[in-house]
Amino acid sequence: MKKILDLIAGELKPVFAECGYDQSYAKVNLSNRPDLCEYQCNGAMAAAKKYKKKPIDIANEVVEKASANPVFSEITAVMPGFINIRLNGEWLAGYLNGMCSQDKLGIEEPEKPETIIVDYGGANVAKPLHVGHLRAAIIGESVKRMGKFLGHHVIGDVHLGDWGLQMGLIIEELRDRRPDLPYFDPDFKGEYPQEPPFTISELEEIYPAASAKSKEDTEAGHAFKERAQTATFQLQNGYPPYRAIWKHIMNVSLADLKKNYDSLDVHFDLWKGESDAQPYIPGLINDLIAKGLAYESQGALVVDIAEETDAKELPPCIIRKSDGAALYATSDLATIVEREQDFHPDHYIYVVDKRQELHFTQVFRVAKKAGIVAPERKMDFLGFGTMNGRDGKPYKTREGGVMRLEKLIAEVNDAAYQKIMENRTVSEEEAKETAKIVGLSALKYGDLSNQAAKDYVFDIDRFTSFEGNTGPYILYTIVRIKSILSKNGGLSENAKILPAVTEAERALQLEITKYNEAVNAAFDELAPHKICQYVYDLSNACNRFYHDTKIITEENEQQKESWLALVRLAKDVLETCINLLGIQAPDRM
Ligand code: ARG
């Protein structure tokens, strides 16, 4: 099904042509004066310049010819040259019935499905997942779901930080604690143990201890850090005992990471990491040198990326440090080489903290300059802001430490549980389960309803409220409709929606028709907040209609059935949309 605005424009196009004006002027928008009309076309104003006529004359001509069209119940020309439109109720109801009968509620398959890599998550192995990774997971999951839903081939990659200094720190801390382990015996000749030398809780304790040690401004601290750097370097060069420890760190940590992402209902197609890109680095560097792009500067190897149109001067991208070590940018470029080889994507989307913007500008430019990525392919950086506490500073625990994700989720669930128990419509048992769903909706919606690039304040009371622009409010709206429908068990699959008889009903119908545009715009602009805005408006329209209309006691069976079909469609649209946000609705709450 076409988007409703395109369908209406399609009715006006032949009229503009017939009157001797270019069809492109027949563009239709939502009215910004809903008191006057539902839609409007401002094409007469634009055409007036080209055809050297008064806008109102053009508008009048078009309106005269279009007024016989049964799609419009009202079409009028208004000074200085607006064309105001109201839809015919039958036609509008027909559009809605069309949505009910179609796959994906009428969203068509894309003309050319794209292969899209969404790089999100970015957790660092062996370091605990903290709220800083929360936004990447939530926003990235939504972008990935939107792309898939619209019919693209989308590959979500967690792109783990699994190759950095944390590995050397853990290795050296382990050496200090357990010098007897075979990994530290240079003469050891046998097979390394299958059993990891630590559990997840030990690992969680080892890394922060080692990290703190390396930051001590003492001789011991400096020496420890140096050892960790050497160990990292040896690991990266394939030293077998350290590779063996690294494998253990990966196995133990990944199991835990997967559990955490699962609890967020966030799922990746690929569990690759920086380490997977390492084999591509030598070839990448040779290629950059051969193409004359990489050159030596103060011992390092760099590529210029500055462009004349840049507002401020951008530093060159460092590919190799003077000590021979590869950097973050090298690893990201090598990952692109690997992705080109494996998937040849049409589009790359990176969902990462906006403070990494310069890094990605550098990486994208080198990738394009070197022809690793073809010029027409899209590379987007979706940078997000910080989640702050009520004091406006990055969110912390009450004690001032970095908040662990698990703890945060538990707090939100608890707040949701309290709210559900206030309502007291379900058992304690059920409330606990429901609280997980509602809590997750509070957390995700609270995040996604803001423009990604903005910082926002994490406010647990507001996010878990059943009123206002919140996840629980949206779920509550859906649950309410589910309960109306289940009280009227027998609504047939093909119950028909009739033309609206009341204003609130008409408003709900019009709101539903915006679905196709809303979903497409949200994906095109990589803006999940547009879906939030839409589901909020739609929920408001549902609740107004519900409040206004005695559905259950309606005596006219056909009318009642039509209303039930309408709220069922509204519910289907809401559920489809919240699924794109990574949220589900319970059956009761
Ligand atoms: N691990 C990184 C961090 O914690 C984020 C990775 C983002 N993705 C990427 N391709 N660089 O900062």
- Query: Which of the GluC sites (Glu not before Pro) across the range 83-168 are loop residues per DSSP, with 11 or fewer other Cβ within 10 Å?
  - Reply: GLU111
- Query: Given a cut-off of under 8 Å on Cα pairs at least six residues apart, what relative contact order in percent is computed for the chain?
  - Reply: 14
- Give me the percent of the accessible area of the chain that comes from carbon and sulfur atoms, probe 1.4 Å, all protein chains in place. 50
- Note on the structure: Taking placed amide H atoms and a strict 5 Å upper bound, the residues 5 or more places from TYR395 or on another chain that come that close are MET387, ASN388, GLY389
- Task: Pull up all non-local amide H partners of GLY81: gap of 5 or more, or a different chain, and H-to-H distance under 5 Å with H placed in the peptide plane.
- Result: none
- Task: Identify the residues of the range 469-485 with backbone N under 14 Å of a label point that sits 7 angstrom from the Cα of GLU430 along the Cα-to-Cβ direction, or state none.
- Result: 479-480, 482-484
- Task: Rounded to whole Hz and in sequence order, give me ³J(HN,Hα) for the range 241-254 from the Karplus expression 6.51 cos²θ - 1.76 cosθ + 1.60, θ = phi - 60°, writing x for Gly and Pro.
- Result: x, 6, 4, 5, 5, 4, 4, 5, 4, 4, 4, 5, 6, 4
- Message: As a quick test, which of the pairs LYS291/LYS378; LYS369/LYS530; LYS259/LYS378; LYS13/LYS530; LYS127/LYS354; LYS378/LYS530 have an alpha carbon distance above 26 angstrom in this structure?
- Response: LYS369/LYS530; LYS259/LYS378; LYS13/LYS530
- Task: Treating cross-link reach as a plain straight distance, find the lysines whose alpha-carbon is under 18 Å from the alpha-carbon of LYS560, omitting any fewer than eight places away in the same chain.
- Result: LYS482, LYS487, LYS496, LYS550, LYS571
- Item | R0 of 51 Å, Cβ-Cβ distance LYS259-GLU111: FRET efficiency to nearest 0.05 | 0.80
- Given that compact globular proteins tend to follow 2.2 N^0.38 Å, what is the ratio of the alpha-carbon Rg of the range 247-292 to that value? 1.72
- Which ³J(HN,Hα) values in Hz, rounded to whole numbers, follow from the phi angles of the range 494-505 under the Karplus curve 6.51 cos²θ - 1.76 cosθ + 1.60, where θ = phi - 60° and Gly and Pro get x? 9, 4, 9, 7, 9, x, 5, 10, 10, 5, 5, 5
- Message: Can you compute the FRET efficiency between GLU74 and ASP380 using 1/(1 + (r/R0)^6), with r the Cβ-Cβ distance and R0 = 41 Å? Round to the nearest 0.05.
- Response: 0.45
- State in Å² the accessible area per residue of the range 332-436; use a 1.4 Å probe, count heavy atoms of protein chains only, and round to the nearest integer. 50
- Message: Need the C-alpha centroid separation for the range 524-589 versus the range 306-371, integer Å.
- Response: 43
- Note on the structure: Lys and Arg at +1, Asp and Glu at -1: neighbours of SER67 with Cβ under 15 Å from its Cβ sum to -3
- Query: Which value at 222 nm does the chain reach when only helices count, each DSSP H run of 4 or more adding -39,500 (n - 2.57), with the total divided by all residues and rounded to the nearest 500 deg cm²/dmol?
  - Reply: -17000 deg cm²/dmol
- Query: For the range 127-151 and the range 1-67, what is the separation of their Cα centres, given in Å?
  - Reply: 40
- Task: Along Cα→Cβ, 7 Å out, is where each label goes; now give me the distance between the ones at ARG544 and GLU216 in nm to one decimal.
- Result: 6.6
- Query: Working out 0.36 nm times the residue gap between ALA325 and ASP22, then minus their Cα-Cα distance, what length gain in nm do you get to one decimal?
  - Reply: 103.0 nm
- Item | Overall Cα dimensions of the range 500-589 - principal axes, largest extent first, Å | 46, 28, 18
- Compare the peptides 458-468, 176-186 by average per-residue count of other Cβ atoms within 10 angstrom and give them in order, highest first. 458-468, 176-186
- Just for the Cα atoms in the chain, what are the lengths along the principal axes, largest first, rounded to whole Å? 92, 65, 42
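The values are calculated or read from the model by the stated rules, or taken from the named source; none is laboratory data. Bear in mind the structure is a predicted one, so any value in this text is a computation, not a measurement. In this analysis, Cβ positions are derived from the backbone assuming ideal geometry, glycine residues included, and neighbour counts consider all displayed protein chains. To get the accessible areas, we keep the full protein, side chains included, count just its heavy atoms, and leave off ligands, DNA and RNA. Shrake-Rupley method; radii C 1.70, N 1.55, O 1.52, S 1.80 Å.
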